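S.K.: Let me begin by handing over the structure; questions about it come next.
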Amino acid sequence: MPKPLSPGVLRELWAIVGRDAVLDQPEDLLVYEYDAYLDRAVPDVVVQPVNAEQIVRVVRLAASEGLAVTPRGGATGLSGGVVPIFGGIMVDFARMHHILEVDVANRAALVEPGLFNLDLSTAVAPLGLYYAPDPSSQKASTIGGNIAENAGGPHCLASGMTTNHIRGVELVTRDGELVQVGGQAADAPGYDLVGLVVGSEGTFGIVTKAWVRLLPIPPRTVTFLALFQTVDAAGAAVSSIIGQGIVPSALELIDGPSAAALERAFKVGYPPEIGAVLLIDVAGLAEAVAEEAALVGKLCEAAPGALGLRYAATAAEREGLWKARKGALAALALIAPNYYLCDGVVPRSKLAQVLRRVAAIGAEWEVLVTCVAHVGDGNLHPLIAFDVNEPGILPRVEGAHDEIIRACVDAGGTITGEHGVGIEKRKYMPWIFAPADLDRMARVRAAFDPSGRFNPGKVLPTEAEAGTTDPSESVPLRVGVSAGLDPERWV
Ligand SMILES: Cc1cc2nc3c(=O)[nH]c(=O)nc-3n(C[C@H](O)[C@H](O)[C@H](O)COP(=O)(O)OP(=O)(O)OC[C@H]3O[C@@H](n4cnc5c(N)ncnc54)[C@H](O)[C@@H]3O)c2cc1C
């Protein structure tokens with residue numbers, strides 16, 4: 001339940017952002033209680049600022065009132081990052097979505113954080129440029145949210161994740177100061193604070209502007225499907241492509257059940273009852289692309305269980321294939337009304353082994369698990385499809401999820417490739433970090449935000465989750481609780 005704010009705080013917020021940009025009615029606040037994860041919590045109030053100066057004033061007010069502050073982009077996050085479990089003020093970037101500057105010569109742009117990812121590439125396409133990180137959510141996720149989560153996407157295999165494409169950010173700190181880290185230049189001297197802020201999930205500060213890198217659109221792209229009898233066969237093809245030192249610009253796996261759902265939803269020509277599909281882009285200079293695509297095709301065809309290749313003959317066909325892949329989660333609603341999307345990473349050499357284990361886990365917990373994956377970089381997205389109305393289903397779904405992530409860790413991988421830790425994966429952090437590692441992270445966080453009230457309850461595990469209740473080895477994991485946040489609200 002939201003806590004009614006004191007009339008004084010409400011009046012001050014009205015004075016800062018304007019009355020129509022403050023939402024405090026229960027029916028309005030309900031819209032802000034979720035992202036694409038399972039947990040829910042309602043903020044006490046939402047503000048929709050138009051510039052950094054307004055955010056500075058909101059943050060100063062929050063500090064003086066002891067209120068939590070949660071920044072919110074498109075709310076497409078899959079780990080509960082935007083769910084305001086301690087209530088407080090939510091800063092919604094819906095009105096800060098502009099491209100402020102495009103510097104063609106230096107291939108850079110200055111943008112506001114609420115800009116939708118795809119809108120940037122669409123706007124600079126006539127200049128022959130694009131913004132490389134392309135999460136499948138790119139129509140609805142924002143540059144600010146992508147920075148906070150260090151988002152990836154199908155084409156990040158060759159071009160790198162969001163962190164490789166951010167040159168600098170303007171940030172509102174917990175003290176209500178406006179600071180700039182990095183900037184327009186390609187490299188900034190001193191400590192790489194941009195690298196720290198990217199992926200900090202809204203816990204270090206609020207990004208109010210970003211200088212992003214743009215890339216030239218490759219002169220030629222060849223897009224094709226490689227079809228296989230089984231996921232194992234597709235995994236073997238991936239290993240041989242990567243083993244040859246070839247890095248296609250995208251290399252995506254779609255398993256049989258996912259391909260069937262995509263075909264029903266998008267009609268892109270996947271054969272019926274196919275075991276697995278690789279969707280491959282090879283991009284670059286025309287001659288090199290032709291040669292590389294031919295080699296990748298041969299390696300796919302040589303894998304045992306290969307069923308042939310299908311090339312996209314036109315730009316429209318290419319777009320259709322990618323539209324289907326990026327719409328995969330929506331299409332999977334044809335299988336079941338609810339899903340829980342796992343995000344784990346495994347060494348590429350262990351792909352086939354872990355995918356077999358994932359299938360076995362689904363069978364053990366009696367849940368349907370399908371899989372899409374940014375398979376080129378070992379980032380698996382097993383998807384547990386279920387109907388929340390089925391009695392007793394949620395513990396089975398959560399049990400299967402735990403075991404899938406455990407299987408990734410046991411194989412030498414990790415707990416998230418791109419969706420962040422948020423609330424969802426706090427409890428898995430001790431699986432990959434020792435208490436001393438978590439302690440370092442907590443100290444870095446405290447250096448940015450000693451009060452712990454920027455997006456509290458995210459990323460770092462609670463003491464119970466970390467299994468450390470002995471005060472002598474106590475780490476400041478529950479950053480924020482000591483600052484007076486309500487312990488009852490921890491989820
Ligand atoms: C269908 C679907 C497909 C997806 N595909 C991908 C994919 O391919 N790759 C991928 O990486 N992710 C993917 N995601 C997950 C999600 O889209 C990403 O995590 C994305 O980066 C979130 O952006 P957002 O604007 O929605 O952020 P939100 O969900 O609004 O917020 C995410 C986090 O960012 C913080 N935040 C938001 N704005 C700011 C700001 N200005 N300053 C500081 N912190 C801020 C929030 O507090 C929160 O912690 C997918 C999600 C869905 C639903």
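S.K.: Can you tell me the 0 to 90 degree angle between the C-alpha axis of helix 435-448 and the longest principal axis of the chain, rounded to 10?
M.R.: The two axes meet at around 60 degrees.
S.K.: Going highest first, how would you order 52-62, 274-284 by mean Cβ packing within 10 Å?
M.R.: Going from most to least packed, we get 274-284, 52-62.
S.K.: Given Cα positions, please report Rg to Rh for segment 302-382, the hydrodynamic radius being the Kirkwood one. The partial results should precede the final answer.
M.R.: Details: Rg = 14.9 Å, Rh = 14.8 Å.
Result: Rg/Rh = 1.01.
S.K.: Further question: How long are the semi-axes of the ellipsoid equivalent to segment 7-92, from square roots of 5 times the Cα gyration tensor eigenvalues, in whole Å, largest first?
M.R.: Values: eigenvalues 90, 32, 29 Å².
Here the semi-axes work out to 21, 13, 12 Å.
S.K.: Right, here's the next one. Within a Cβ distance under 14 Å of Asp410, other residues only, what is the Lys/Arg minus Asp/Glu net charge? Display every interim value, and only then the final one.
M.R.: Values: positive: Lys350, Arg356, Arg357, Arg406; negative: Asp402, Glu403.
Net charge in that neighbourhood comes out at +2.
S.K.: Mind listing the phi-derived Karplus ³J(HN,Hα) values for segment 236-248, rounded to whole Hz, using 6.51, -1.76 and 1.60 with θ = phi - 60°, and x for any glycine or proline?
M.R.: 5, 5, 4, 4, 6, 5, 5, x, 7, x, 8, 10, x
S.K.: In percent, how large is the relative contact order of segment 99-216, given Cα pairs closer than 8 Å and 6 or more residues apart? Mind dumping the intermediate values first?
M.R.: Values: 235 pairs, mean separation 37.6, N = 118.
The normalised contact order for segment 99-216 reaches 32 percent.
S.K.: Would you mind getting the Kirkwood hydrodynamic radius of segment 163-209 from its Cα pairs, rounded to one decimal in Å? Please list the in-between numbers first.
M.R.: Numbers: mean 1/r = 0.0927 Å⁻¹.
Taking every pair of different Cα atoms in segment 163-209, averaging 1/r and inverting gives 10.8 Å.
S.K.: Further, regarding this structure: Just to be sure I understand: if I project the alpha-carbon convex hull of segment 99-216 onto a plane and average over all orientations, what area do I get in nm²? All intermediate terms of the calculation are to be shown ahead of the outcome.
M.R.: Values: hull surface 27.4 nm².
Averaged projected area of segment 99-216's Cα convex hull equals 6.8 nm².
S.K.: I need the phi-derived Karplus couplings for segment 179-196: 6.51 cos²θ - 1.76 cosθ + 1.60, θ = phi - 60°, integer Hz, Gly and Pro marked x.
M.R.: Going residue by residue, I get 10, 10, 10, x, x, 6, 5, 5, 9, 10, x, x, 5, 7, 6, 4, x, 6 Hz, with x marking Gly and Pro.
S.K.: Next question. Could you tell me the center-to-center distance, by alpha carbons, between segment 399-451 and segment 287-311 in angstrom?
M.R.: That distance is 37 Å.
S.K.: Ranked highest first by average number of other Cβ atoms within 10 Å, how do 129-138, 100-109 line up? Mind dumping the intermediate values first?
M.R.: Values: 129-138: 22.8, 100-109: 14.8.
Final packing ranking: 129-138, 100-109.
S.K.: Same structure, new question: Please report the Cα spread of segment 147-284 along all three principal axes, rounded to whole Å, starting with the longest.
M.R.: 58, 29, 25
S.K.: Another question about this same structure. What does the charge dipole of the chain about its Cα centre add up to, to the nearest 20 debye, if the Cβ of each Lys and Arg holds +1 and the Cβ of each Asp and Glu holds -1?
M.R.: Working: 39 positive and 57 negative charges, 105 e Å.
Charge dipole, the chain, about its Cα centre: 500 debye, nearest 20.
S.K.: Distance between Cα centroids, segment 313-389 to segment 65-103: provide it in whole Å.
M.R.: 28
S.K.: Please list the non-local residues whose amide H lies under 5 Å from the amide H of Ile166, H modeled 1.01 Å from N, same-chain partners needing a gap of 5 or more.
M.R.: Those qualifying (amide H under 5 Å, at least 5 residues apart or on another chain) are Arg213.
S.K.: From the backbone phi of segment 219-228, what are the Karplus-calculated ³J(HN,Hα) couplings (6.51 cos²θ - 1.76 cosθ + 1.60, θ = phi - 60°) in whole Hz, Gly and Pro given as x?
M.R.: x, 9, 10, 10, 10, 8, 9, 10, 9, 9
S.K.: Then there's this: How high is the relative contact order of the chain, in percent, with contacts defined as C-alpha pairs under 8 Å that are six or more residues apart? Provide the component values of the computation, followed by the final result.
M.R.: Numbers: 1046 pairs, mean separation 69.9, N = 491.
Relative CO of the chain lands at 14 percent.
S.K.: A further question on this structure: May I ask you to order 180-188, 371-379 by the average number of other C-beta atoms within 10 Å around their residues, highest value first? Working shown, then result.
M.R.: Working: 180-188: 15.3, 371-379: 24.8.
Ranking the peptides 180-188, 371-379 by packing returns 371-379, 180-188.
S.K.: While we're here: I'd like the orientation of helix 256-266 relative to the chain: the angle between its Cα long axis and the longest Cα principal axis, in ° from 0 to 90, rounded to 10.
M.R.: Once rounded, the angle reads 80 degrees.
S.K.: Oh, and also: Once you keep just the Cα pairs under 8 angstrom separated by 6 or more residues, what percentage relative contact order results for segment 7-51?
M.R.: On the way: 39 pairs, mean separation 17.3, N = 45.
Taking the mean separation of contacting Cα pairs over the length of segment 7-51, I get 39 percent.
S.K.: Something else: Rounded to a whole number of µm²/s, how large is the Stokes-Einstein D of the chain at 4 °C and 1.567 mPa s, given Rh as the Kirkwood radius over C-alpha pairs?
M.R.: Numbers: Rh = 23.5 Å.
Rounded to a whole number, D works out at 55 µm²/s.
S.K.: What does the helix-only formula give at 222 nm for the chain: each DSSP H stretch with n ≥ 4 adding -39500 (n - 2.57), the total divided by the residues, and the result rounded to the nearest 500 deg cm²/dmol? Display every interim value, and only then the final one.
M.R.: Values: 17 runs with 165 residues, N = 491.
Taking each H run of at least 4 residues, the total per residue is -10000 deg cm²/dmol.
S.K.: Can you tell me the Rg and the Dmax, both Å, for the Cα atoms in segment 336-424?
M.R.: For segment 336-424, the Cα radius of gyration and maximum Cα-Cα distance read 12.4, 38 Å.
S.K.: Can you give the charge dipole size of segment 4-50 about its Cα centre, rounded to the nearest 20 debye, using +1 on the beta carbon of Lys and Arg and -1 on the beta carbon of Asp and Glu?
M.R.: Numbers: 3 positive and 9 negative charges, 37 e Å.
The calculated dipole for segment 4-50 is roughly 180 debye.
S.K.: Any idea which of Gly152, Val194, Leu215 is furthest toward the positive side of the dipole for segment 138-261, if Lys and Arg beta-carbons carry +1 and Asp and Glu beta-carbons -1?
M.R.: Going by the charge dipole, the pick is Leu215.
S.K.: Quick check: the distance between the Cα centres of segment 117-151 and segment 208-269, to the nearest angstrom?
M.R.: Spelled out, the Cα-based centre of one part sits 18 Å from the other.
FYI, it's all coordinate maths here, none of it is from the lab. Everything numeric in this text was worked out from a predicted model, so none of it was measured. Virtual Cβ from ideal backbone geometry, glycine too; neighbours counted across all protein chains shown.
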